[in-house]
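I have placed the structure first, in the form of structure tokens, so that the comments after it can refer back to it.
The values are calculated or read from the model by the stated rules, or taken from the named source; none is laboratory data. Quick caveat: nothing in here was measured; it's all calculated off a predicted structure. For neighbour counting, all protein chains shown are included, and Cβ atoms are generated from backbone atoms with ideal geometry for every residue, glycine included. Protein only, heavy atoms only, side chains kept; ligands, DNA and RNA dropped before computing areas. Shrake-Rupley method; radii C 1.70, N 1.55, O 1.52, S 1.80 Å.
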Amino acid sequence: MIISASTDYRAAAQRKLPPFLFHYADGGAYAEHTLRRNVADLSDIELRQRVLKNMSELDLSTELFGEKMSMPVGLAPVGLTGMFARRGEVQAAKAAAAKGLPFTLSTVSVCPIEEVAPAIDRPMWFQLYVLKDRGFMKNALERAKAAGCSTLVFTVDMPVPGARYRDAHSGMSGPNAALRRMLQAMTHPQWAWDVGLMGKPHDLGNISAYRGNPTGLADYIGWLGANFDPSISWKDLEWIRDFWDGPMVIKGILDPEDARDAVTFGADGIIVSNHGGRQLDGVLSSARALPAIADAVKGDLKILADSGIRTGLDVVRMLALGADTVLLGRAFLYALAAAGGAGVSNLLDLIEKEMRVAMVLTGAKSIAEITPDLLVKER
Ligand SMILES: Cc1cc2nc3c(=O)[nH]c(=O)nc-3n(C[C@H](O)[C@H](O)[C@H](O)COP(=O)(O)O)c2cc1C
């Protein structure tokens, strides 16, 4: 039974998924210190309780880059979402759009841009990694534009892939990975039928459309591994500007100096993020990094934040720390794995209900009223 957005979908996803997929979603880099701090630091944020302020009318709606949102929440780009539910990107995008919220398609999605964008009645966001193969990047931008994507999310915190030891232990990578994944699928027949068999093709759709038909997951991983680009600098982003004239958001900012550089570059927004604790273990949680970044750039560009958000209360906390909008990563992925698009819809309803309770009891009638004033100051 799903009662709490924060824990019940995770448990249900673990029951349903072959372990290699559950741990790919659930795990982080090295000892997973930052992964844990993302959640723990956010839940340590205390809010001021306010009473008797006539909170009968609440307005959760907001606007970002000219797009209306029913609440300040979007879905983060998550690679391989189509392995968690049958054509998972389409299901998740539909659930988000039905709720009036943006969905971000990952570069390394299973379903290609052309399959997801036409399935929803609001513009999709597209996330791009910096890859050495600039021909691929140009091709992906052209296709995203042709499909009507509105916002480009440019992820800059993966010049090298982080080391995720859980993946090697679970069979996602490492010795005999293909055999181990097959054995795990056999012991999870519901997933094996619904996604493993009926959810094909299991390509990385955006990449196969560019490269022809690679031979399988190992080929993709090999191509990707060889294509991450540690030479990336702000100058390379100028190059992207020639191919993208819509809003551009830089994802993976954790330091106020980088946030200022994003303003200088002319970015429309940043995403304060440590990639959900999947890149460098030991960096600050988003909740701890956010206030200094907001001090440095609030008002100069839009501040989005992710990493560790599991509940509607967490959304209110992130907004109080300085975010304009937040993105959900694992929270929606667990719900999708557990119950498909209906799970994501239900999760978003739960998040909204939790936000409403938090807003009533902090005295914030609208999103604009969720400010640092809601935070309990150091005692
Ligand atoms: C399984 C998984 C795959 C991800 N794939 C991508 C990706 O392809 N591109 C990207 O920019 N971020 C990716 N991320 C990071 C998310 O966009 C987001 O920053 C992160 O999940 C936020 O943390 P949370 O999961 O604690 O909410 C991925 C995260 C997870 C959990």
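From the residues in segment 277-296 that are hydrophobic (A, V, I, L, M, F, W, C) and buried (at least 22 other Cβ atoms within 10 Å of the Cβ), which one is farthest from the ligand (Cβ to nearest atom)? For segment 277-296, the residue satisfying everything is Ile293.
Table: residues versus (1) in a loop (DSSP other than H, G, I, E, B); (2) within 14 Å of the ligand (Cβ to nearest atom); (3) touching a residue at least 40 places away in the same chain (Cβ under 8 Å); (4) open to solvent by less than 50 Å² (accessible area, probe 1.4 Å).
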site	(1), (2), (3), (4)
Phe154	no, yes, yes, yes
Asp157	yes, yes, yes, yes
Asp167	no, yes, yes, yes
Gly174	yes, no, no, yes
Met182	no, no, no, no
Trp193	no, no, no, no
Lys200	yes, no, no, no
Asp203	yes, no, yes, yes
Ile207	no, yes, yes, yes
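Considering the conditions (1) touching a residue at least 24 places away in the same chain (Cβ under 8 Å); (2) over 22 Å from Leu327 (Cα atoms); (3) outside any helix (DSSP H, G or I), Leu280 is excluded by exactly one of them, (2).
Going through (1) open to solvent by less than 10 Å² (accessible area, probe 1.4 Å); (2) closer than 17 Å to Ile271 by Cβ; (3) in contact with a Ser or Thr (Cβ under 9 Å, 6 or more places away or on another chain) one by one, Lys302 falls short only on (1). Take Ala163 and decide whether it is under 30 Å from Gly269 (Cα atoms), crowded, with 16+ Cβ neighbours inside 10 Å and either more than 16 Å from the ligand (Cβ to nearest atom) or not hydroxyl-bearing (Ser, Thr, Tyr) (or both). Considered against the rule, which asks whether it is under 30 Å from Gly269 (Cα atoms), crowded, with 16+ Cβ neighbours inside 10 Å and either more than 16 Å from the ligand (Cβ to nearest atom) or not hydroxyl-bearing (Ser, Thr, Tyr) (or both), Ala163 comes out as no. Go through the residues of segment 74-82 one by one and say whether even a single one is in a strand (DSSP E or B), surrounded by 24 or more Cβ atoms within 10 Å (Cβ to Cβ) and polar (S, T, N, Q). No, the conditions are met nowhere in segment 74-82.
Name the single residue that is nearest to the ligand (Cβ to nearest atom) among those in segment 251-264 being open to solvent by 30 Å² or more (accessible area, probe 1.4 Å) and part of a helix (DSSP H, G or I). Result: Asp258. Selection of segment 342-353 for residues being touching a Lys or Arg at 6+ places or on another chain (Cβ under 9 Å) and either open to solvent by 10 Å² or more (accessible area, probe 1.4 Å) or at pLDDT below 95 (or both) yields Ser345, Asp349, Glu352. Taken together, Trp223, Trp244 contain a single residue that is crowded, with 16+ Cβ neighbours inside 10 Å and free of Cβ contacts under 8 Å to residues at least 24 places away in the same chain, which is Trp223.
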